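Below is one structure, written out as structure tokens; comments come after it.
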Amino acid sequence: QIQLIESGGGLVQAGGSLRLSCAASGRTSRDYYFMGWFRQAPGKEREFVAVITWKGDSAYYADSVKGRFTISRDNAKNTMYLQMSSLKPEDTAAYYCAGGYGVLTSNPDEYNYWGQGTQVTVSS
């Protein structure tokens, strides 16, 4: 069993930066294990943000955040990060980290584990 705990959310002005963390516990050190970030704004569907292999050798992003967000991980700390820069009001959402096995995917149905979410609010 894998448990995921997000942190780092908060209130930031447009154009600012924020770093989210996702601490993982359990058997995450597998070659085919990947982790990703999703977000969900009120009244909207959950949206893919980014995904990375646990080795960190492959990652991809949603077009809406490409060039502004960076996903990374620290295996020694069993932690994944999402560095968010040039934040916009439309980035306001609850951000969730998730984990799964197999091929990297943006489909939330392919993820087996989910954190409880952390709120990010970007003011204009």
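The values are calculated or read from the model by the stated rules, or taken from the named source; none is laboratory data. Just so it is clear, the model here is predicted, and its values are computed rather than measured. Using ideal geometry, Cβ is built from the backbone for each residue, glycine included, and neighbour counts are taken over all protein chains shown. Surface accessibility is based on the protein's heavy atoms, side chains included, excluding ligands, DNA and RNA. Shrake-Rupley method; radii C 1.70, N 1.55, O 1.52, S 1.80 Å.
Of note:
- Per-region count, the range 1-43, residues without any contact (Cβ under 8 Å) to a residue 40 or more places away in the chain and either more than 14 Å from Tyr101 (Cβ to Cβ) or out of contact with any strand residue (DSSP E or B) (no Cβ under 9 Å at 6 or more places or on another chain) (or both): 2
- Reported count of residues in the range 106-119, each being over 16 Å from Ala59 (Cβ atoms) and either assigned to a strand (DSSP E or B) or small (Gly, Ala, Ser) (or both), is 7.
- Check on Val103, under 13 Å from the mean Cα position of the chain (by Cα) and in a loop (DSSP other than H, G, I, E, B): no
- The set of residues from the range 97-112 being farther than 12 Å from Ile52 by Cα and open to solvent by less than 40 Å² (accessible area, probe 1.4 Å) comprises just one member, Tyr111.
- Consider the range 78-95 and keep the residues that are more than 10 Å from the chain's Cα centre (by Cα) and polar (S, T, N, Q). The one that is least open to solvent (accessible area, probe 1.4 Å) is Thr79.
- Residues that are open to solvent by 40 Å² or more (accessible area, probe 1.4 Å), over 10 Å from the mean Cα position of the chain (by Cα), among the small types (Gly, Ala, Ser) and on the phi < 0 side of the Ramachandran plot, drawn from the range 45-77: Ser58, Ala59, Ser64, Ala76
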